[in-house]
Structures are given as structure tokens and as C-alpha cells.
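Structure first, then comments.
The values are calculated or read from the model by the stated rules, or taken from the named source; none is laboratory data. Only a predicted model underlies this, so the values are computations on that prediction, with no experimental measurement involved. Backbone-built Cβ (ideal geometry, glycine too); neighbour counts: all protein chains shown.
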Amino acid sequence: MALPKAVSCAMTIYNNVDKENGKWTFTQLDGVMWDNSKARNVNTSGIANADALNLIIPFDVTVIEGKEYKEPKEWKSKPENSWTIQTGDIIVKGFVDDVILKHSDLEKKYDEVYVVNTIDAKIFGSKNMWHWEVGAN
């Protein structure tokens, strides 16, 4: 499901390799559909961030480093030269290559930083239509 360049963009996904030591690895993807909204909510404790991202990642997305996709459990046992999508991953708009220890390392430097909270695999129709729908805040 290669998206036309006019509606697609680049992104970087950070997967947490070692939660105890804050080790993250990143993968750069090109050809995703990025649909975000910036918002604020006011609640009893003050103003809260209500930013949201809806992301479509085709199964045949261009992976800049040539890494292969693995399902989360398989990736956890052997993350070398691969990437995955799971809740808690960090997504940044564009290609970035920062070495980080935590989410806030990216938020200090970039405007479009989100944490994945939903992943739905859409496997229907022909293979070129298969994609993930990812929600993040």
C-alpha cells in the first residue's frame, strides 16, 4: 500500500530494548500517513496535554536501515537488525537519530513526539492494502 509522496511522510520509531537501563533503539520509516491534532484539556488539576496522532503504516513501508519487522514477542527475544510496534514505543515525525534514555529526551528537542497506545493490524483485501493503524498521544 505505497502511499503517494504528496500524502506520506517520514517518521522514526523508538523501541525500548531494556526498560531497567533505559536503552532504546530507533528505526526510520518512510511512506507513512501522519494525521495529528494539537489540543489542551482543562481539568480540575489544571491544563493537560490532549495531543493525538493517528498513523497509518503500510506493511510494505520503506525501512531506511533495511531492518525487518518482527512481532513484539519475537522482537524482545532477538531485537538485533529488526523493529516492532508496541504500546509504549515513541514516535517522532521525520528522520531523527538521537540516542536517548527516556521519552523526555526527545520532547525537549522535537515538537512532534508521541507515545503509542493502540496498534491495529488491518489485514484485509490484497496484500498491498495491509497496514497498521497506530494511535498515540
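Kindly provide the set of residues from region 82-120 that are within 19 Å of ALA52 (Cα to Cα), of a type in the set (Gly, Ala, Ser) and either without any contact (Cβ under 8 Å) to a residue 60 or more places away in the chain or touching an Asp or Glu at 6+ places or on another chain (Cβ under 6 Å) (or both), ordered by number. Working first, answer last.
Narrowing region 82-120 to residues within 19 Å of ALA52 (Cα to Cα): 85-94, 103-104, 106-120.
Now restrict to residues that are of a type in the set (Gly, Ala, Ser): 88, 94, 104.
Correct list: SER104 only.
Can you say whether ALA48 is more than 15 Å from ASN137 (Cα to Cα), of a type in the set (A, V, I, L, M), exposed (fewer than 14 other Cβ atoms within 10 Å of the Cβ) and modelled with pLDDT under 95, as far as the supplied structure shows? Considered against the rule, which asks whether it is more than 15 Å from ASN137 (Cα to Cα), of a type in the set (A, V, I, L, M), exposed (fewer than 14 other Cβ atoms within 10 Å of the Cβ) and modelled with pLDDT under 95, ALA48 comes out as no.
Take MET33 and decide whether it is surrounded by 15 or more Cβ atoms within 10 Å (Cβ to Cβ) and at pLDDT 90 or above.
Values: surrounded by 15 or more Cβ atoms within 10 Å (Cβ to Cβ): yes; at pLDDT 90 or above: yes.
Here the answer is yes, as MET33 does meet what is asked.
Each row is one residue, and each column tells you yes or no for (1) closer than 18 Å to ALA10 by Cβ; (2) of a type in the set (Val, Ile, Thr).
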{"position": "TYR69", "(1), (2)": "yes, no"}
{"position": "LYS76", "(1), (2)": "no, no"}
{"position": "ILE90", "(1), (2)": "yes, yes"}
{"position": "LEU101", "(1), (2)": "no, no"}
{"position": "SER104", "(1), (2)": "no, no"}
{"position": "ILE119", "(1), (2)": "no, yes"}
{"position": "ASN128", "(1), (2)": "no, no"}
{"position": "VAL134", "(1), (2)": "yes, yes"}
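The single condition among (1) at pLDDT 95 or above; (2) not in a strand (DSSP E or B) that PHE124 does not satisfy is (1).
Within region 80-101, being of a type outside the set (Val, Ile, Thr) and not in a loop (DSSP other than H, G, I, E, B) holds for SER82, TRP83, LYS93.
Taking region 66-79 as the range and being loosely packed, with under 13 Cβ neighbours inside 10 Å and in a loop (DSSP other than H, G, I, E, B) as the test, the residues that pass are GLY66, GLU71, LYS78.
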